[in-house]
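Engineer: Before we start, here is the structure in question, set down as structure tokens.
The values are calculated or read from the model by the stated rules, or taken from the named source; none is laboratory data. Note that the structure is a prediction, hence the values are computed from the model and not measured. Neighbour counts are summed over all protein chains in view; Cβ atoms, including those assigned to glycine, are modelled from backbone coordinates with ideal geometry. Areas reflect the complete protein model, heavy atoms only, side chains present, ligands, DNA and RNA absent. Shrake-Rupley method; radii C 1.70, N 1.55, O 1.52, S 1.80 Å.
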Amino acid sequence: RAMHDGSLYFLLFVLVLGILNWQDEMSLLATIIVFAALALGMWLIPLGGNRADAVFDQAPRHQQRRMMFVFGALMLAILLVAPQFMGLYIANVFNLIALYTMMGIGLNVMIGFTGLLDLGYVASFAIGAYTLGVLTTPNVLTCGGVHPDDIPFDQLEQVCTGTLTFWQAWPFCVIVSAFTGMMLGVPVLGLRGDYLAIVTLGFGEITNRIINSNAARPLLGGAQGISPIPTPEL
């Protein structure tokens, strides 16, 4: 029921966004169509969910696995097509939702499953993100020790040969983030409760101070951050 209802509610939401983008505003026609679509969906989707729940429970195990696979493939296809209906702003909002969802899942693994109160978890997220920014933009690391401001603009690509694309850089981001997490985690595994919270909170604050410091500004950009970071391209 949850997969059935959730996917159809998502499709209904995408349909509503498509109607609003088509009309460019909440016009009278868009209001009528949206109201009718929502009312119909709210009435029919739960009924279909009950039916889907009963069919799934009665299906053999291999058919249940096949249903899960088909559902996952359909949802992936929908997510690839949905931005065409959402527009740039809504797509960016969904990107942020996905990012914070990943953070929530990771924090649930740390606190929910292990019971360890880690208040510096966001530092690992920041380290992975800044690793991507450093590896994909011109800086003293990717330009062979030379600051990009000292390089003529027309020679930037020739000098900064260490710049990577998103797809080349993201495995290094995972490795660096995981390695720093292990460096902190192994020494403090014996701590519990408030002591662990204080140590991890300190790690998060140290990471924040280093990122915003003037000493690391040539590499990390200081308070202004790293910009512009190139977007992934398929």
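Engineer: Across region 221-232, in residue order, what do the Karplus-derived ³J(HN,Hα) couplings come to in whole Hz, using 6.51 cos²θ - 1.76 cosθ + 1.60 with θ = phi - 60° and x for Gly and Pro?
Structural biologist: x, x, 5, 7, x, 9, 7, x, 8, x, 7, x
Engineer: What is the Cα centroid distance between region 71-90 and region 17-44, reported in whole angstrom?
Structural biologist: Each part's Cα centre sits 19 Å from the other's.
Engineer: Given the options 54, 126, 3, identify the residue whose Cα lies farthest towards the positive end of the charge dipole of the chain (+1 on Cβ of Lys, Arg; -1 on Cβ of Asp, Glu).
Structural biologist: 54
Engineer: Where does the charge balance sit around residue 198 when Lys and Arg score +1, Asp and Glu -1, over other residues with C-beta under 12 Å from its C-beta? Don't skip to the end; give the middle numbers.
Structural biologist: Details: positive: 192; negative: 118, 194, 205.
Computed value for this residue: -2.
Engineer: While we're here: Would you report the distance distribution of C-alpha pairs in region 1-126 as whole percents per 5 angstrom bin, up to the bin with the largest distance?
Structural biologist: 2, 9, 13, 14, 15, 15, 14, 10, 6, 2, 0
Engineer: Just going by the charge dipole of region 39-196, with Lys and Arg at +1 and Asp and Glu at -1 on Cβ, which of 40, 87, 116 is farthest out on the positive end?
Structural biologist: Ranked along the dipole, the leading option is 40.
Engineer: Which of the cysteines found in the chain have nothing to pair with, since no other Cys Cβ lies under 4.7 Å from theirs?
Structural biologist: That list is 173.
Engineer: Rounded to the nearest 10 Å², what accessible area does residue 27 show when all protein chains are kept and the probe is 1.4 Å?
Structural biologist: Its heavy atoms expose roughly 20 Å² to the probe.
Engineer: Related question: Compute the Rg/Rh shape ratio of region 1-60: radius of gyration over Kirkwood radius, all on alpha-carbon atoms.
Structural biologist: On the Cα set of region 1-60, Rg over Rh gives 1.14.
Engineer: Hey, what did region 119-233 get for relative contact order, percent, Cα under 8 Å, at least 6 apart?
Structural biologist: About 38 percent, as a whole number.
Engineer: I would also like to ask the following. Kindly write out, for region 60-72 in residue order, the coupling ³J(HN,Hα) from the Karplus curve 6.51 cos²θ - 1.76 cosθ + 1.60 (θ = phi - 60°), rounded to whole Hz, with x marking Gly and Pro.
Structural biologist: x, 4, 5, 6, 4, 5, 5, 4, 4, 5, 4, 4, x
Engineer: How far, in degrees from 0 to 90, does helix 83-107 lean away from the longest principal axis of the Cα atoms of the chain, to the nearest 10?
Structural biologist: 70
Engineer: Counting helices only, and only those DSSP H runs with n ≥ 4, report the 222 nm mean residue ellipticity of the chain as the sum of -39,500 (n - 2.57) divided by its residues, in deg cm²/dmol to the nearest 500.
Structural biologist: -23500 deg cm²/dmol
Engineer: While we're looking at this one, here's another question. Run the quick spin-label model on residue 175 and residue 201: label points 7 Å from Cα toward the beta carbon, then report their separation in nm to one decimal.
Structural biologist: Simple spin-label model gives 3.5 nm for this pair.
Engineer: For region 114-176, list log₁₀ I(q)/I(0) at each q in 0.20, 0.24, 0.26, 0.29 Å⁻¹, using the Debye formula over Cα point scatterers of equal strength and ignoring solvent, two decimals each.
Structural biologist: -0.77, -0.94, -1.02, -1.12
Engineer: Compute the convex hull volume of the Cα atoms of the chain, divide it by the residue count, and report the result per residue in Å³ as a whole number.
Structural biologist: Looking at the chain, the number lands at 204 Å³ per residue.
Engineer: In nm, give the distance between the simple-model label positions of residue 88 and residue 216, each being 7 Å from the Cα along the Cα-to-Cβ direction.
Structural biologist: It is 3.1 nm.
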